[in-house]
1. Note the direction-averaged projected area, equal to a quarter of the hull surface, for the Cα convex hull of the range 43-127, in nm².
2. Quick one: dipole size for the range 2-69, taken about the Cα centre, charges +1 on Lys/Arg Cβ and -1 on Asp/Glu Cβ, in debye to the nearest 20.
3. Work through the residues other than LYS113 whose Cβ is under 9 Å from its Cβ and net out their charges, Lys, Arg +1 and Asp, Glu -1.
4. How much net charge surrounds MET159 when only other residues with a Cβ under 11 Å from its Cβ are counted (Lys, Arg +1; Asp, Glu -1)?
5. Tell me the angle of helix 143-152 to the major Cα principal axis of the chain, expressed in degrees between 0 and 90 and rounded to the nearest ten.
6. Using the heavy atoms of the protein chains and a 1.4 angstrom probe, tell me the accessible area per residue for the range 83-167 in square angstrom.
7. So what is log10(I(q)/I(0)) for the range 132-230 at q = 0.16 1/Å, when the Debye sum runs over its Cα atoms only?
8. Taking the solvent-accessible surface of protein heavy atoms with a 1.4 Å probe, what is the per residue accessible area of the range 173-230 in Å²?
Amino acid sequence: MGLERQRKLKNRCAKEALGLIEDGMIVGLGGGGTVQCLVELIGEKGLDIQVVSPSFQTASHCVARGLTVVPTWSVENVDIAFDGCDEVDMHLNALKSGGAIHTKEKIIASMAKRYVLLVDESKVFERLPFAHSVTIEIVPESLGYVRKELAKLGADVSMRTSAAKDGYTMSDHGNMIMEAKFDGVEDPKRLNRQLCGITGIVDTSLFVGKVDLVLCVDENGTRWIQEEVK
């Protein structure tokens, strides 16, 4: 996908999302290019909102555009939150990978009355393919134990590293970041329960039961996805 096409799709998605934001709201804004476009539009419209964000880059962008950013710990509820992901399925299970800020993202998702993912159609699947690893934040002392338990679940486990830092990549909370690659996952909810049940795991980038709406965009327009109530 060309850069110009990506930009147009992100802008289209952000314009649609803007319609969900009203003056006086507390709005969660995650990371990614579409959220950056949304920040621009909020600033241009002059909406009077407060922003909480798990992303330093997004928070900085908001401040530069004159938006009021408050610390997440200072609020109890969020009216609506927007974020991106790498994969999402028709049951609103989602998988993230890159940022390693998923614990902070999940806190805001849990606080939000509506948690909305902004994606292009290439990230929407009938069921999660798990083409990306599940990123896992772990307490350092649990490294050996968590690695062993993940191996029992069939994961190919590695530690995240960075050329910009000696040693393992650490989260904003001072914890280690582990990558677990799974193949042939039939039940994301079951996997989520198994992962959350391992002592030492703080949280994972597998989002189950958190997403309320998905706004996806392609060349033909936008569409909303929400799980049918049975």
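1. Working: hull surface 25.0 nm².
Approximately 6.3 nm², given one-decimal rounding.
2. Numbers: 8 positive and 7 negative charges, 78 e Å.
Using only the charged Cβ atoms, the result is roughly 380 debye.
3. Values: positive: ARG114; negative: ASP79, ASP212.
Once positives and negatives cancel, what remains is -1.
4. Numbers: positive: ARG147, ARG160; negative: GLU179.
Once all neighbours under 11 Å are counted, the net charge is +1.
5. Orientation of helix 143-152: about 90 degrees from the principal axis.
6. Numbers: 3780 Å² over 85 residues.
Averaged over the residues of the range 83-167, the accessible area is 44 Å².
7. Each listed q maps to, in turn, -0.77.
8. Details: 3140 Å² over 58 residues.
Dividing the accessible area of the range 173-230 by its residue count gives 54 Å².
The values are calculated or read from the model by the stated rules, or taken from the named source; none is laboratory data. This one's a predicted model, so the numbers in the text were calculated from it and none came from an experiment. Counting neighbours? That spans all protein chains shown, and the Cβs are built from the backbone with ideal geometry, glycine included. In case anyone asks, the SASA skips ligands and DNA or RNA and just uses the protein heavy atoms, side chains included. Shrake-Rupley method; radii C 1.70, N 1.55, O 1.52, S 1.80 Å.
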